[in-house]
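The structure appears right after this line, and notes come after that.
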Amino acid sequence: MKSLMMKKSLLLLMIMAAITACVQKSENTSEQSVKDSVTVITENHTDVQSYSWLGEYAGVFPCDDCEGIETIITLREDSTYVQKSTYLGKDNSFEETGTFSLIEPGSRLVLKSTDSEQSYLLGDDTLTLLNSEGKVTEGELADAYVLKKKS
C-alpha cells in the first residue's frame, strides 16, 4: 500500500512539475513576446525620432494653366510644417502652415492645415504627393510629383 501511495505521490509530483514548467515556459514566452513588441515599438519610435526625414523638400509640380508650381515643404521637429507654393509665370505665391503626422511610420505622411489635407509617400530623401485615392501617380508625369530633400 505504501508503494502504491508513493507511486501516486511521485506521479502527482511529476505532473505538478510538468505543469509548473509549462506555465513558466509560457510566461517566459509571453514575456519575450512583450520584450520583442517593446523592441519593435522602440525601434520604430527611434526611427521616427531620428528626424533624418525632417527638413526642406523642393520641386515643381505640374500645373494646367502655368509653367509649374514651385513647391517647398519644410517639416519641423514639433510636427508642424510650412508649405510655400509659387505659380511660375503667374506671380502668385501662397504659404500654408499646419501640422503633420506619420500614418504609417516610415511610409505615409499627412499634412493638415485648416483648409486642406495632403498625403505624401515618405521615401529616401523624397516626398511623393499621393493622389486623391492615396496612391502614387503613375505614367509620364509620375516623377513630377516628387519633392527632393535639400541638403
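The values are calculated or read from the model by the stated rules, or taken from the named source; none is laboratory data. What you see is a predicted model; the values in this text were computed from it and never measured. Note that we place each Cβ from the backbone using ideal geometry, even for glycine, and neighbour counts take in every protein chain shown.
Being over 15 Å from residue 56 (Cα atoms), in a strand (DSSP E or B) and without any contact (Cβ under 8 Å) to a residue 60 or more places away in the chain is a property that does not hold for residue 85. Can you spot a residue in region 67-75 that is modelled with pLDDT of 90 or more, within 16 Å of the chain's Cα centre (by Cα) and assigned to a strand (DSSP E or B)? Yes; the residues of region 67-75 include at least one that is modelled with pLDDT of 90 or more, within 16 Å of the chain's Cα centre (by Cα) and assigned to a strand (DSSP E or B).
Flag not set for residue 97, criterion: in the same structural domain as residue 60 (by TED's automatic domain parsing), touching a helix residue (DSSP H, G or I) at 6+ places or on another chain (Cβ under 7 Å) and in a strand (DSSP E or B).
For region 58-82, which positions are over 20 Å from residue 142 (Cα atoms) and free of Cβ contacts under 8 Å to residues at least 24 places away in the same chain?
The initial filter retains those residues of region 58-82 that are over 20 Å from residue 142 (Cα atoms), namely 74-82.
Result: 74, 76, 78, 79, 80, 82.
Checked against (1) modelled with pLDDT under 95; (2) closer than 25 Å to residue 96 by Cβ; (3) among the charged types (D, E, K, R), residue 27 passes all but a single condition, namely (2).
Within region 111-138, residues that are modelled with pLDDT of 90 or more have Cβ atoms under 7 Å from residues that are among the β-branched types (Val, Ile, Thr) and assigned to a loop (DSSP other than H, G, I, E, B) in these pairs: 131/137, counting only partners at least 6 apart in sequence or on another chain. Could you tell me whether residue 93 is surrounded by 13 or more Cβ atoms within 10 Å (Cβ to Cβ) and over 15 Å from the mean Cα position of the chain (by Cα)? In short, no.
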